[in-house]
Amino acid sequence: MHPNPTYRRTPEDRAIAFVRERSFGQITAMGPDGLLASHVPVLLSDNATTLDMHLVRSNPIARALSEPLTVLLAITGPDGYVSPDWYGADDQVPTWNYVSVHIQGTLEKLDQDMIRDVLDRQSALFENQLPKPAWTTQKMTPDVLDKMMRQIVPCRLTITDIQSTFKLNQNKPDDVRLRAADEMAQSGIGMETNALADLMRNPPNED
């Protein structure tokens, strides 16, 4: 995480809301032969204490879960390059704005009988946001679904710490930050630069 406290004043409930909305991240863990990483959709519990997910059985992290693992889950948002010319101020340097939430915790396998429940809850989270009747596992041929479910394992991450960085030029005067936001929206280099520009206009910092 960025060490500047200016970028780390986002209230925890805003960081949790971002995780709930994004619901996708990268898990990193130390395996028996070195670092392991995997990109996975996640489902945050209502009380924001656990995240449920599933991993392909052949995934190295799943293989390493003969016992619980300490892991880091990074949930990232929009990001983009900021040109110093955008500020309209002297003696500026380039930077990169971004949003990221780091979650530390303990990952463990759930009972395999829970895989259907995890799948149903995860698919419902995303399907219910689409402008169509929701897909459900009930649409699957039972034998085909059973075969597919045997290839994945349900997992739960119990959260021990949440840290967030919303790096959005909060260290600049408002007029300078807003000029950079306008330029980001028009010609940004990065991912989801329009969304990043909106966040730059309204950084979610504590008062």
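The values are calculated or read from the model by the stated rules, or taken from the named source; none is laboratory data. Since the structure is predicted, the reported quantities are computational estimates derived from the model, not experimental observations. Heads up, the Cβs are rebuilt from the backbone with ideal geometry, glycines too, and the neighbour counts pull from every protein chain shown.
Would you mind listing the helices (runs of 4 or more DSSP H) fully within the stretch 137-207 where at least 1 residues are more than 28 Å from LEU51 (Cβ to Cβ) and in contact (Cβ under 8 Å) with a residue 12 or more places away in the chain?
174-187, 193-201
How many of the residues in the stretch 1-19 are more than 13 Å from ASN205 (Cβ to Cβ) and of a type in the set (Gly, Ala, Ser)?
1
Give the residue that is farthest from ASN4 (Cα to Cα), with candidates limited to residues of the stretch 60-94 that are part of a strand (DSSP E or B) and in contact (Cβ under 8 Å) with a residue 60 or more places away in the chain.
VAL71
Have a look at ILE27, ILE103, ILE75, ILE61 and point out the one that is out of contact with any helix residue (DSSP H, G or I) (no Cβ under 9 Å at 6 or more places or on another chain) and buried (at least 20 other Cβ atoms within 10 Å of the Cβ).
Going through ILE27, ILE103, ILE75, ILE61 in turn, just one is out of contact with any helix residue (DSSP H, G or I) (no Cβ under 9 Å at 6 or more places or on another chain) and buried (at least 20 other Cβ atoms within 10 Å of the Cβ): ILE61.
Can you tell me which condition GLN122 does not meet? The list is (1) surrounded by fewer than 17 Cβ atoms within 10 Å (Cβ to Cβ); (2) of a type outside the set (A, V, I, L, M, F, W, C); (3) not in a strand (DSSP E or B), and all the others hold.
(1)
Can you pull out the residues in the stretch 88-100 that are in contact with a helix residue (DSSP H, G or I) (Cβ under 7 Å, 6 or more places away or on another chain) and more than 22 Å from THR76 (Cβ to Cβ)?
Of everything in the stretch 88-100, those that are in contact with a helix residue (DSSP H, G or I) (Cβ under 7 Å, 6 or more places away or on another chain) and more than 22 Å from THR76 (Cβ to Cβ) turn out to be GLY88, ALA89, GLN92, VAL93.
Give me the pairs, please: first residue somewhere in the stretch 35-59 and under 17 Å from THR106 (Cβ atoms) and touching a residue at least 60 places away in the same chain (Cβ under 8 Å), second residue anywhere and among the basic types (Lys, Arg) and not in a strand (DSSP E or B), beta-carbon distance under 8 Å, and either six or more positions apart or on two chains.
What qualifies is LEU43/ARG121; ALA48/ARG20; ASP52/ARG121.
Can you tell me which residue among VAL40, VAL19 is hydrophobic (A, V, I, L, M, F, W, C), modelled with pLDDT of 95 or more and part of a helix (DSSP H, G or I)?
VAL19
Taking interchain pairs and intrachain pairs at least six residues apart, which have beta carbon atoms under 7 angstrom, with the first residue in the stretch 100-117 and under 14 Å from ALA62 (Cα atoms) and assigned to a strand (DSSP E or B) and the second charged (D, E, K, R) and modelled with pLDDT of 95 or more?
GLU108/ARG156
In the list LEU55, LEU43, which residue meets the criterion of being surrounded by 13 or more Cβ atoms within 10 Å (Cβ to Cβ) and under 24 Å from ASP79 (Cα atoms)?
Exactly one of LEU55, LEU43 is surrounded by 13 or more Cβ atoms within 10 Å (Cβ to Cβ) and under 24 Å from ASP79 (Cα atoms), namely LEU43.
What number goes with the only condition from (1) within 18 Å of the chain's Cα centre (by Cα); (2) under 24 Å from PRO204 (Cβ atoms); (3) hydrophobic (A, V, I, L, M, F, W, C) that VAL82 does not pass?
Exception for VAL82: condition (1).
Can you name the residue in the stretch 85-100 that is surrounded by 14 or more Cβ atoms within 10 Å (Cβ to Cβ) and not small (Gly, Ala, Ser) and, of all such residues, is farthest from ASP175 (Cα to Cα)?
Looking at residues that are surrounded by 14 or more Cβ atoms within 10 Å (Cβ to Cβ) and not small (Gly, Ala, Ser), I get VAL99.
The rows are residues; the columns are (1) in contact with an Asp or Glu (Cβ under 9 Å, 6 or more places away or on another chain); (2) closer than 24 Å to VAL71 by Cα; (3) among the acidic types (Asp, Glu).
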| residue | (1), (2), (3) |
| --- | --- |
| THR106 | no, yes, no |
| ASP113 | no, yes, yes |
| ARG121 | yes, yes, no |
| LEU125 | no, yes, no |
| PRO131 | no, no, no |
| TRP135 | yes, no, no |
| ASP146 | no, no, yes |
